[in-house]
Amino acid sequence: MFLKKYCFLIILFSILQNLIAQEKAVHNIDSVKTQKLNEVLISPLHINRDLQNSPASIGILSEKELLRNNTTDISNVINTIPGVFMQSSNITTTRISIRGIGARTPYGTNKIRAFYGSIPLTSGNSETVIDDIDLQNINQIEIIKGPLSSIYGAGLGGAILISPQILKKGNYQTEVSSTFGSFGLLKNRVSFDLNEKSSSLSLSYHNLKTDGWRENSAYNREGITLSGELFRKKNSKLTYFSNYTYLKAYIPSSINKSTFENNPQAGAPTWVASQGFKEYKSTLGGLAYDFKINDHLNNSTSVFINYKDSNEPRPFDILRQYTFTSGVRTQFSGDFKIGKINNQFIGGIEYFRDNYSGNTFQNLYQQNNGNGSLQGDQLSATDQKRHFYNIFSQIRTLLSDQFEIQAGLNYNKTKFELQNDFPASANNPKEEYSYDGIFSPQLSFLYKPNEIRTLYFSVSRGFSLPTTEETLTSTGNINQNIKPETGYNFELGGKLHFFNKKLYTEIAVYRMEIKDLLVAKRIGDDQYEGVNAGKTFHEGIEISLNHNWPINQIFNLNSYVGTSIGKYEFKEFVDNGNDFSGNKLTGVPANTASAGFNLNTNSGFYFSADFQFTDKIPMNDSNANFSDSYSLLNLKTGYEFEILSGLTTHLDAGINNVMNEKYASMILTNATGVGNAAPRFYYPGLPVNYYGIISLNYVF
């Protein structure tokens with residue numbers, strides 16, 4: 001199967017070579033070389049900032065692309081990147097998987113590390129939440145697919161790098177915007193930015209509300225973000241960032257197939273009766289100091305904290321969690337020569353400490369006269385301290401104008417402590433445990449036949465740490481048998497421009513094998529225990545095309561096409577005596593596709609359309625149940641015009657799910673029914689819905 005895919009890639013490259021030949025017949029290729037390339041820049045923490053010369057598959061979402069929908073839900077936008085699949089239920093519960101990694105996580109996202117600037121968004125228990133960052137505060141998102149990000153922790157799934165919004169023109173800017181839509185959707189935002197010679201400041205506040213379209217699904221989030229730079233000089237600057245979020249979101253939970261087909265707006269009966277919800281306060285902050293030591297050596301050092309206080313009343317208990325994370329990261333980068341060969345390097349260390357406290361209580365909602373959850377006696381109390389350090393390095397060797405090699409190495413050492421504090425009268429000893437150190441190497445070869453085309457091959461090793469729940473047994477003690485997942489990734493790809501850089505194409509073929517697969521084994525209602533239960537294969541082809549077509553002096557058309565053809569399966573997997581070897585991997589579609597266009601006019605009017613196809617999804621390890629495949633069509637139009645000098649107005653309107661497709665926006669993998677009840681696999685997606693956006697922006 002995989003050889004067939006390699007043959008397919010060879011055919012594609014042959015087609016592309018023919019396109020090159022056609023171009024040479026029409027255009028002199030040397031004239032193309034002399035043009036200034038419109039480079040796509042990536043995070044400055046990479047060894048080089050040019051996407052074209054990065055031997056990895058990196059999905060890029062610009063500010064314009066992030067806001068191409070209704071500025072509230074990021075899942076529609078992320079799913080335009082081949083190989084990346086984000087499931088979302090009521091904005092509250094989300095799960096991101098990359099090339100099938102992380103697809104079996106029951107709730108939330110793990111096996112992927114995320115950063116906002118240089119500040120980690122991933123907690124010590126491996127959970128990643130990017131939803132707290134308002135989309136309008138983001139300048140760009142990069143998604144590194146696979147364990148190629150040695151300087152970001154070598155996660156099996158990859159890494160998500162979020163760049164903060166920056167003031168692009170003028171010294172001062174203020175903006176006010178409102179988004180309103182179906183099911184009580186309302187988002188208000190106000191921001192102020194200034195940019196002086198030696199400092200900058202960006203301050204914003206947003207409030208997002210929706211009544212929800214399902215029972216018990218009201219949502220309310222508000223956040224304040226402050227960021228900027230201080231003491232900015234030619235060779236140094238101090239960057240600061242803080243984000244406060246308050247969220248209260250009611251949870252309708254998943255439903256069974258019959259309810260999904262006949263009454264999808266219904267919530268799970270026990271969640272509706274208990275009025276279950278998630279509520280938390282989260283504070284993220286950090287400082288980063290960048291300075292140039294000399295012409296060949298730079299340093300970037302950051303310190304960060306992340307605090308979260310959450311309360312989650314559920315039908316079976318009430319969960320209270322407190323997390324405090326702190327850490328420091330320092331990174332040196334520079335260049336040097338060996339003879340006539342130029343080299344660039346990055347090296348550094350990251351230390352991360354996470355203090356977690358979790359408590360559960362009885363939920364007496366059945367005794368509360370229909371008023372929802374009521375806290376009862378305490379059931380458990382657990383404290384866990386987890387700390388690790390990553391030592392990372394990467395070198396780029398430019399052998400010639402056409403050939404280069406990149407190599408990287410990450411070393412991770414993790415240990416944690418566990419203290420059971422319930423019952424308080426018991427003499428509970430402190431347990432300590434650590435994993436063996438993990439080396440994750442990466443080696444890449446890059447060939448550039450000319451300035452606008454790049455071919456690469458890479459091999460890398462990555463790992464994923466168990467979550468807090470997976471490190472515990474059913475009795476609440478440390479699971480001495482659990483260990484991290486590890487895997488090797490092999491990737492062949494190309495980044496190619498055609499037709500005088502009007503068409504950009506990326507192709508990637510990959511094969512990854514994961515061993516010591518972490519499996520969340522259900523031991524009760526929303527209770528899981530981690531086990532290492534086998535191996536999985538992840539292989540596939542990803543293709544994306546972006547086209548820019550200036551039709552005439554009035555119209556300009558931008559379009560994109562992306563597809564992922566994958567094969568994700570269990571190679572060896574035995575769970576509770578059941579042999580699932582050879583089955584399709586749970587929770588991820590094998591094939592996805594997306595396409596869209598944006599038609600702009602010089603008068604300020606625009607019209608855009610986005611189409612997404614998602615293949616059927618295996619819902620359990622036995623492959624006895626699959627969700628249906630589905631297609632979504634979204635439309636949007638708008639008008640931008642200047643009222644006064646510096647004062648710009650945007651008016652936008654859109655329709656999501658135009659065809660009113662009935663689909664599951666998220667799947668609860670391996671759901672089981674209680675008693676004779678049918679398993680609740682389905683989180684229904686929104687039916688057809690409408691929205692409008694009004695914004696005023698003043699630059700002075």
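Solvent exposure of segment 517-621 amounts to 43 Å² per residue of accessible area, where only protein heavy atoms count and the probe is 1.4 Å. Is the shape of segment 71-157 rounded, prolate or oblate, going by the alpha carbon gyration tensor and its root eigenvalues a ≥ b ≥ c, with a/c under 1.5 for rounded and a/b larger than b/c for prolate? Rounded is the answer for segment 71-157, as its axis ratio a/c remains below 1.5.
Derived value for segment 555-613: Kirkwood hydrodynamic radius 14.8 Å. Basis is the mean of 1/r over every pair of different alpha-carbon atoms. Under 8 Å for C-alpha pairs, at least 6 residues apart: give me the relative contact order for segment 120-250, rounded to a whole percent. For segment 120-250, the relative contact order is 15 percent.
For the residue pair Ala609 and Lys413, what label-to-label distance in nm results when each label sits 7 Å from Cα along the Cα-to-beta-carbon direction? If labels sit at Ala609 and Lys413, their model points lie 5.9 nm apart. When the Cα gyration tensor is reduced to axis lengths a ≥ b ≥ c, the ratio a/c is 1.5 or higher for segment 144-230, and with a/b not above b/c it is classed as oblate.
Got a number for carbon plus sulfur as a percent of the chain's accessible area, 1.4 Å probe? Roughly 56 percent, rounded to a whole number. Distances between every pair of Cα atoms in the chain, grouped in 10 Å steps from 0 to the bin holding the largest one, split as 3, 14, 25, 28, 20, 8, 2, 0, 0 percent. Helical content alone sets the calculated 222 nm signal of the chain at -2000 deg cm²/dmol, taking -39,500 (n - 2.57) per DSSP H segment of four or more residues and averaging over every residue. Given the pairs Lys145/Lys501; Lys278/Lys662; Lys187/Lys278; Lys111/Lys337; Lys64/Lys483; Lys64/Lys340, which span a C-alpha to C-alpha distance of over 30 angstrom in this model? As for pairs spanning more than 30 Å Cα to Cα, those are Lys111/Lys337; Lys64/Lys483; Lys64/Lys340. In terms of overall dimensions, segment 217-261 has a Cα radius of gyration and Dmax of 21.1, 64 angstrom.
Here the scattering of segment 595-700 is modelled by Debye summation over its C-alpha atoms, one equal scatterer each and no solvent; at q = 0.13, 0.16, 0.20, 0.23 Å⁻¹ the log10 of I(q)/I(0) is -0.66, -0.81, -1.02, -1.17. Taking every C-alpha pair closer than 8 Å and separated by at least 6 residues, the mean separation divided by the residue count of segment 310-370 gives a relative contact order of 41 percent. Nearest 10 degrees is fine. How inclined is helix 2-26 to the longest principal axis of the chain, computing both from alpha carbons? Once rounded, the angle reads 30 degrees. All C-alpha pair distances within segment 371-434, sorted into 5 Å bins from zero, spread as 4, 12, 13, 10, 10, 9, 8, 7, 7, 6, 5, 4, 4, 3, 0 percent across the bins.
A P(r) calculated from all alpha carbon pairs of segment 375-481, with 5 Å bins opening at zero, reads 2, 9, 16, 13, 11, 9, 8, 7, 7, 6, 5, 4, 2, 1, 0 percent. Taken over the C-alpha atoms, segment 285-337 has Rg and Dmax values of 19.7, 64 angstrom. Rounded to two decimals, the Cα-based Rg/Rh of segment 199-352, with Kirkwood Rh, is 1.20.
The values are calculated or read from the model by the stated rules, or taken from the named source; none is laboratory data. What you see is a predicted model; the values in this text were computed from it and never measured. Note that we place each Cβ from the backbone using ideal geometry, even for glycine, and neighbour counts take in every protein chain shown. In case anyone asks, the SASA skips ligands and DNA or RNA and just uses the protein heavy atoms, side chains included. Shrake-Rupley method; radii C 1.70, N 1.55, O 1.52, S 1.80 Å.
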